[in-house]
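The values are calculated or read from the model by the stated rules, or taken from the named source; none is laboratory data. Model, not experiment: these values are computed from the prediction. All Cβ positions, even for glycine, are placed from backbone atoms using ideal geometry, and neighbour counts span all protein chains on display. Accessible surface is based on the protein model in full, side chains and every heavy atom, while ligands, DNA and RNA are left aside. Shrake-Rupley method; radii C 1.70, N 1.55, O 1.52, S 1.80 Å.
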Amino acid sequence: MDENTEYLNKLQDLVLKKAEWYNGTEFPRLLEKYRLLFTCVRNIYDMLIQKNMITADPYRFDKKISEIKCPDTSPFGEGERAMMIGKRLSDYDAMLDFICTYTRFSVENINLPKIKKLQELNACFNWDEFTTNSTKSNTRGLANLLNEAKTNAPQIMQSMINDHITKCAKTTTEINSMLNQLIRFQRELYKITVRKDLIEHPGFNNSQAFQSAESELAEIKKSFSNATGKKPFYTELINEIISEDIGPNKEQLRQEVLTRLEIKETSEKKSSKKNVDTKAVLMNAVMVLGALPPTYKTFYDKISFNFELLHVGPTSPFAKFIALLKKAFNIKPKEIKILVTAVDPVTKQKASKEVKIQELLSDISKKDKLYSGIATRGADYQKISNAEEGQILTFLGKQISENQNLFNTITSLDEYFKTAVTPQSRAKVKGMKIELDTMRNTIISANKKRGEYQAMIEEAEQMRKLGINND
């Protein structure tokens, strides 16, 4: 028993440390991977919509997602391609949005069943083998559409499509690799939890259990439900427990488990302890802004929809005729202004504020384009990365400030739409609270990382003044 107790103590210590590592280090990395994948997929979806190559899902914003679920992957006819890929790509995009915005990335939440769902979702489109003769309907359909989109398209458009496909393939591979590692950890977490529950349960006879493999299995089955509650009974993992307890090669198996649970740092991380790349830290803060494009695209769609709902006229046949007439004669539309009540974030005082709708939508589009370039490490990202640290810090500060101003404006506009429409139309207003929460969290995260960078610079300056070399 002493030998078993010593092993369980080592096991529990390593599992706790590994869980902390996942929650503090690996899960934030996994979330960033999903955000990059989401941005690339959203850009592909928007591009196909703009080129009228797929049919937009009319119920896109009305769907309530409560769990991770893979979109339909069943076969469809070539004549249905635009409609089916439009719906399935929209569902895939919405599911990635749900993962990035609402899924809690933690050891407790991302368990074995949820990992399986994530793997199924990752296989919805096979980015690694993205060909027009793929055996998978979704992959083949989307590959054919993107090939058509590249035909006679400007070189920059072709490069963008190819770049997004490459990034989707690379990112999905990295995500799957991280999930496979997580599966191995969750299996060990399951095993030690079962062990702990059984040992502490009065109905489990330890002396009887360790007489033979058959005896231990019988004891586990007898006490499992009462000891573990609703925990599923995984036969394969129960057999591993028994092999590690009384198997002929138990010492070897135990050592393999302990080795798997060790946290292996990369050489890059080890060297960073001695010499921190402050520019990389600063660029990480900039990369946080790369999570915003999907939120800004949703803002654009919802503000446009709500404004049309507020002014029912634009949907009438006569209004459409007038709009076409103005377009034909190149008549510039009059700037639309709305007076909203804004709350000063510092003083908490309310004041009237004029919002120019076209100008606001234009600002949102510009931000969306800029941050998409950052998220996909495109030309905008490279330009920022090549700048001096002082310039990057100034850029970051400006973006945080502008995002905060936009956040305040859109918050006021959200309240305005809910009260300004007719009572009959109030239920149709598309609220933006969820997107505003996402935006606020992103601003906070970027600001926090900026603060960490500034603290590093200040510390390095203090060390320099004291004559201490940090190398």
Considering (1) modelled with pLDDT of 90 or more; (2) in a helix (DSSP H, G or I), say which one Phe318 fails and leave the rest.
(1)
Filter pass, Leu16 being of a type outside the set (Val, Ile, Thr) and touching a residue at least 12 places away in the same chain (Cβ under 8 Å):
no
Candidate set: the stretch 120-129, residues that are assigned to a helix (DSSP H, G or I) and open to solvent by less than 60 Å² (accessible area, probe 1.4 Å); chosen: the one nearest to Thr73 (Cα to Cα):
Leu121
If you take the residues of the stretch 159-180 that are open to solvent by less than 30 Å² (accessible area, probe 1.4 Å) and not aliphatic (A, V, I, L, M), which of them is farthest from Ala123 (Cα to Cα)?
His164
Which one is nearest to the chain's Cα centre (by Cα), of the residues in the stretch 331-378 that are open to solvent by 80 Å² or more (accessible area, probe 1.4 Å) and at pLDDT 85 or above?
Lys369
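Out of Ile434, Ile400, Ile443, Ile392, report the one residue that is surrounded by fewer than 16 Cβ atoms within 10 Å (Cβ to Cβ) and part of a helix (DSSP H, G or I).
On the way: Ile400 fails: surrounded by fewer than 16 Cβ atoms within 10 Å (Cβ to Cβ); Ile443 fails: surrounded by fewer than 16 Cβ atoms within 10 Å (Cβ to Cβ); Ile392 fails: surrounded by fewer than 16 Cβ atoms within 10 Å (Cβ to Cβ).
Just one listed residue meets the conditions, Ile434.
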Any hit, the stretch 151-158, residues being within 24 Å of the chain's Cα centre (by Cα), open to solvent by 60 Å² or more (accessible area, probe 1.4 Å) and of a type in the set (Ser, Thr, Tyr)
no
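Here's the yes/no breakdown for (1) more than 27 Å from Lys114 (Cα to Cα); (2) among the hydroxyl-bearing types (Ser, Thr, Tyr); (3) within 43 Å of the chain's Cα centre (by Cα):
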residue: Thr193; (1), (2), (3): no, yes, yes
residue: Ile199; (1), (2), (3): yes, no, yes
residue: Ser207; (1), (2), (3): yes, yes, no
residue: Ser215; (1), (2), (3): yes, yes, no
residue: Glu240; (1), (2), (3): no, no, yes
residue: Glu244; (1), (2), (3): no, no, yes
residue: Pro248; (1), (2), (3): yes, no, no
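Restricting attention to the stretch 421-431, which residues are in a helix (DSSP H, G or I) and without any contact (Cβ under 8 Å) to a residue 24 or more places away in the chain?
As a first pass, look at the stretch 421-431 and keep what is in a helix (DSSP H, G or I): 426-428.
Scanning the stretch 421-431 gives Arg426, Ala427.
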What single numbered condition from (1) closer than 28 Å to Lys114 by Cα; (2) surrounded by fewer than 16 Cβ atoms within 10 Å (Cβ to Cβ) fails to hold for Glu188?
(2)
Could you tell me how many of the residues in the stretch 64-94 are under 20 Å from Asn43 (Cβ atoms) and not in a helix (DSSP H, G or I)?
1
Is one or more of the residues making up the stretch 84-102 modelled with pLDDT of 90 or more, open to solvent by 10 Å² or more (accessible area, probe 1.4 Å) and of a type in the set (Gly, Ala, Ser)?
yes
Determine whether Lys418 is surrounded by fewer than 14 Cβ atoms within 10 Å (Cβ to Cβ), free of Cβ contacts under 8 Å to residues at least 60 places away in the same chain, in contact with a Gly (Cβ under 9 Å, 6 or more places away or on another chain) and more than 30 Å from Cys168 (Cβ to Cβ).
yes
Being closer than 13 Å to Ile165 by Cα and assigned to a helix (DSSP H, G or I) is the filter here, so list the residues in the stretch 130-139 that pass it.
Thr139
Out of all the residues in the stretch 432-471, which are free of Cβ contacts under 8 Å to residues at least 60 places away in the same chain and closer than 27 Å to Glu354 by Cβ?
Lys433, Leu436, Asp437, Arg440, Ile443
